[in-house]
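S.K.: I'd like to ask some things about the structure below.
Every read-out reported here was derived from the displayed coordinates using simple, explicitly stated rules and does not represent laboratory data. Note that this is a predicted model, so its numbers are computed, not measured. Virtual Cβ from ideal backbone geometry, glycine too; neighbours counted across all protein chains shown.
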Amino acid sequence: MSKEWPLWEVFIRSQHGLAHKHVGSLHAPDAEMAINNARDVYTRRNEGVSIWVVKAADIVASSPADKEALFEPSNSKVYRHPTFFPMPEEVKNL
Amino acid sequence: MYAQMVDTGLKQVQSHADMSDEEQAFQARIDAGVKIEPKDWMPEAYRRTLVRQISQHAHSEIVGQLPEGNWVTRAPTLKRKSILLAKIQDEAGHGLYLYSAAETLGVSRDELLDALHAGKAKYSSIFNYPTLTWADIGAIGWLVDGAAIINQVPLCRCSFGPYARAMIRVCKEEAFHARQGYDIMMKLAGGTPEQKAMAQDALNRWWWPSLMMFGPSDAESVNSAQSAAWRIKLFSNDELRQRMVDQTVPQAEFLGLAIPDPDLKWNEERGHYDFGAIDWDEFYNVLKGNGPCNRERLRTRVKAYEDGEWFREALVAHAEKQAATQAAA
């Protein structure tokens, strides 16, 4: 084998209509085989109703070094969570 | 275990003073229970050790299909055959999850396979024993997969994210393997005297190799101590082996089978079973390539890979042709 098959990331939508979730990766020569292989490797027990495969090389990821710059700003904004606002016990449905 | 005696390349456990600032920050993250992800900075020795450990684990899953493959065409019923096929397919899947985890550390799949096929990479000693009767398929599920579960459940909490996530998937499926094995043993142990004798014979042959799977005592091992500090090894070989003995003895009693160890005895004081000495010469001999099936396993594996080459090439030719047609359109 002279040429290594590209790596594909696999995303599965589970039975209950939730978003596709990353489950792992695999090698395949093309998208069609990637779907076939993903079926065998990641859905042997009824794990899903839909498969996405994406070439790993096409994924752009944030860098661990940027963690602070990206995620720090939301740390100070606790008021974005409903629990920030205490509600009197006698007030219902809020 | 599935990865036995993994070398860290270090002569002594790194002390805090020996560590660079980066290494200290890395160790602090591990100590705080933070998962290390592929793109995070990591010491080269951590990376190399994990490549060894995860690829050895992956190779074990792949080679582990071979002893069981021996019985696919001779399973006693169609149902047993379907179950065995499903289990073997799981083993292939486990190998693939693990190869993927290893690849996140910067090695390629083909490199890993080449190392296995060239006989340079290790896999677990246990898969170099033959499966002589149908009862061996029961004993493998019960004992070998049982031992694997004991080793792998803690690894679901190991420090390297992709390895931990692969282990979670593997463990979910492994429970089926152990149960189907015990189910075979129950059927045989409750059958005719000949069937029960067959089950006993399988237990006699698989008991000690299963205990050897955990590897020799590593209480004094630098490699194990370093791996423990890195949280890629969470319990000592002796602790895991004791767990195996303690949980398996009552299971054997239920089957009415005798564990082939005259020294096996409940120790009230320790709250554990005492058991006899393990023949580590046999273990090292198997590791060196002189077990009953080492050569045959490697030969079968290489043949399967070479026989599939025309098909892999055809898939690539098809993919290239499709891509060219699409580009032209």
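S.K.: Given contacts defined as C-alpha pairs under 8 Å and at least six residues apart, what's the relative contact order of chain B, whole-number percent? Write down the numbers at each step before the final one.
M.R.: On the way: 391 pairs, mean separation 70.6, N = 329.
Relative contact order here is 21 percent.
S.K.: On to the next question. Can you list the HN-Hα couplings for the stretch B:68-84, worked out from phi with the Karplus curve (6.51, -1.76, 1.60; θ = phi - 60°), rounded to whole Hz and with x for Gly and Pro?
M.R.: Couplings: 7, x, 4, 10, 4, 7, 10, 4, x, 9, 5, 5, 4, 5, 4, 5, 5 Hz.
S.K.: Please check: in the Gaussian network model of chain A (C-alpha springs, under 10 Å), which one of A:Asn36, A:Asn75, A:Asn46 has the largest mean-square fluctuation.
M.R.: A:Asn75
S.K.: Quick check: the distance between the Cα centres of the stretch A:60-94 and the stretch B:170-243, to the nearest angstrom?
M.R.: 46
S.K.: Between beta-carbons, use under 9 Å as the cut-off and find the net charge around B:Ala164, counting Lys and Arg +1, Asp and Glu -1.
M.R.: Values: positive: B:Lys35, B:Arg157, B:Arg165; negative: none.
The answer is +3.
S.K.: Further question on the same structure: Write down the Å³ per residue value for the convex hull defined by the alpha carbon atoms of the protein assembly as shown.
M.R.: Values: hull volume 101.3 nm³, N = 423.
Output value, Cα hull per residue: 239 Å³.
S.K.: Something else: What's the magnitude of the charge dipole for the protein assembly as shown around its Cα centre, counting Lys and Arg as +1 and Asp and Glu as -1 at the beta-carbon? Answer in Debye, nearest 20. List each step's numbers first, then the result.
M.R.: Values: 48 positive and 56 negative charges, 228 e Å.
Value, rounded to 20: 1100 debye.
S.K.: Run down the lysines and flag those whose C-alpha is under 25 Å from the C-alpha of B:Lys120, throwing out any fewer than 8 positions away in its chain.
M.R.: Of all the lysines, those that pass the test against B:Lys120 - Cα under 25 Å, at least 8 places apart if same chain - are A:Lys3, B:Lys11, B:Lys233, B:Lys288, B:Lys303.
S.K.: Taking the Cα centre of the stretch A:7-61 as the origin and placing charges on Cβ (Lys, Arg +1; Asp, Glu -1), which of A:Gly24, A:Val49, A:Trp8 is farthest toward the positive end of the dipole?
M.R.: After comparing all options, I get A:Val49.
S.K.: Please work out the FRET efficiency for the pair A:Ser63 and A:Lys3, using the Cβ-Cβ distance as r and a Förster radius of 30 Å; give the result to the nearest 0.05. Write down the numbers at each step before the final one.
M.R.: Details: r = 29 Å, r/R0 = 0.96.
Efficiency computed from Cβ-Cβ geometry: 0.55.
S.K.: To continue, here is another question. Rounded to the nearest 20 debye, what is the charge dipole size of chain B about its Cα centre when +1 sits on each Lys and Arg Cβ and -1 on each Asp and Glu Cβ? All intermediate terms of the calculation are to be shown ahead of the outcome.
M.R.: Numbers: 37 positive and 44 negative charges, 190 e Å.
Dipole of chain B, to the nearest 20 debye: 920 debye.
S.K.: So which aspartates and glutamates can B:Lys321 reach, going by Cα to Cα under 15 Å and dropping same-chain residues fewer than 8 places off?
M.R.: Filter leaves A:Asp30, A:Glu32, B:Glu313.
S.K.: For the stretch A:7-61, what's the relative contact order in percent, using C-alpha pairs closer than 8 Å and at least 6 residues apart?
M.R.: Details: 86 pairs, mean separation 25.4, N = 55.
This gives 46 percent for the stretch A:7-61.
S.K.: Mind listing which trypsin sites (Lys or Arg not before Pro) in the stretch B:1-37 are in a DSSP loop and have 13 or fewer other Cβ atoms within 10 Å? Present the calculation step by step, with values, prior to reporting the outcome.
M.R.: On the way: sites: B:Lys11, B:Arg29, B:Lys35; in loops: B:Lys11, B:Lys35.
Qualifying residues, ordered by number: B:Lys11.
S.K.: For a quick check: sort B:Ser60, A:Ser14, B:Ser82, B:Ser15 by the number of other beta carbons within 10 angstrom, fewest at the front. Display every interim value, and only then the final one.
M.R.: Working: B:Ser60 25, A:Ser14 16, B:Ser82 11, B:Ser15 8.
Ascending Cβ contact count within 10 Å gives the list B:Ser15, B:Ser82, A:Ser14, B:Ser60.
S.K.: With an 8 Å cut-off on Cα pairs and a minimum separation of 6 or more residues, tell me the relative contact order of the stretch B:195-329 in percent.
M.R.: Working: 70 pairs, mean separation 26.2, N = 135.
Computed over the stretch B:195-329, the figure is 19 percent.
S.K.: Given C-alpha coordinates of the stretch A:7-61, what is the ratio Rg to Rh with the Kirkwood estimate of Rh? Please list the in-between numbers first.
M.R.: Values: Rg = 10.7 Å, Rh = 11.1 Å.
Rg divided by Rh gives 0.96.
S.K.: Could you check which residue among A:Pro73, A:Pro82, A:Pro64 shows the biggest mean-square fluctuation in a GNM of chain A with a 10 Å Cα cutoff?
M.R.: A:Pro82
S.K.: Going by Cα centres, the stretch B:297-329 and the stretch A:10-41 are how many Å apart?
M.R.: Taking the Cα centre of the stretch A:10-41 as reference, the centre of the stretch B:297-329 is 20 Å away.
S.K.: Can you give the helix-only mean residue ellipticity at 222 nm for chain B, where every DSSP H stretch with n ≥ 4 adds -39500 (n - 2.57) and the sum goes over all residues, rounded to the nearest 500 deg cm²/dmol?
M.R.: Working: 14 runs with 204 residues, N = 329.
When only DSSP H runs of four or more count, the value is -20000 deg cm²/dmol.
S.K.: In whole Hz, what ³J(HN,Hα) sequence does the stretch A:29-44 give by Karplus (6.51, -1.76, 1.60; θ = phi - 60°), x for Gly and Pro?
M.R.: Each residue of the stretch A:29-44 in turn: x, 8, 4, 5, 5, 4, 5, 4, 5, 4, 4, 6, 7, 10, 10, 6 Hz.
S.K.: Of all the C-alpha pairs in chain B, what % are more than 37 Å from each other?
M.R.: Working: 11706 of 53956 pairs.
Of the Cα pairs, 22 percent sit more than 37 Å apart.
S.K.: Sticking with this one: List the lysines whose Cα lies under 16 Å from the Cα of B:Lys196, skipping any in the same chain that are fewer than 8 positions away.
M.R.: Cα-Cα hits under 16 Å: B:Lys187.
S.K.: Amide H to amide H, which residues 5 or more places from B:Ser159 or on other chains are under 5 Å from it, using H placed in the peptide plane?
M.R.: B:Ile232
S.K.: Shifting gears a bit: Running a GNM on chain B with Cα contacts under 10 Å, which residue among B:Asp136, B:Asp40, B:Asp114 ends up with the highest mean-square fluctuation?
M.R.: Maximum among the listed residues: B:Asp40.
S.K.: Counting other C-beta atoms within 10 Å, which of B:Tyr46, B:Tyr2 has the fewest, and how do the rest follow? Present the calculation step by step, with values, prior to reporting the outcome.
M.R.: Numbers: B:Tyr46 23, B:Tyr2 26.
Ascending number of Cβ neighbours within 10 Å: B:Tyr46, B:Tyr2.
S.K.: Got a sec to turn the phi values of the stretch B:268-275 into Karplus ³J(HN,Hα) couplings, 6.51 cos²θ - 1.76 cosθ + 1.60 with θ = phi - 60°, whole Hz, x for Gly and Pro?
M.R.: Ordered by residue, 3J(HN,Hα) equals 4, 5, 7, x, 9, 7, 7, 9 Hz.
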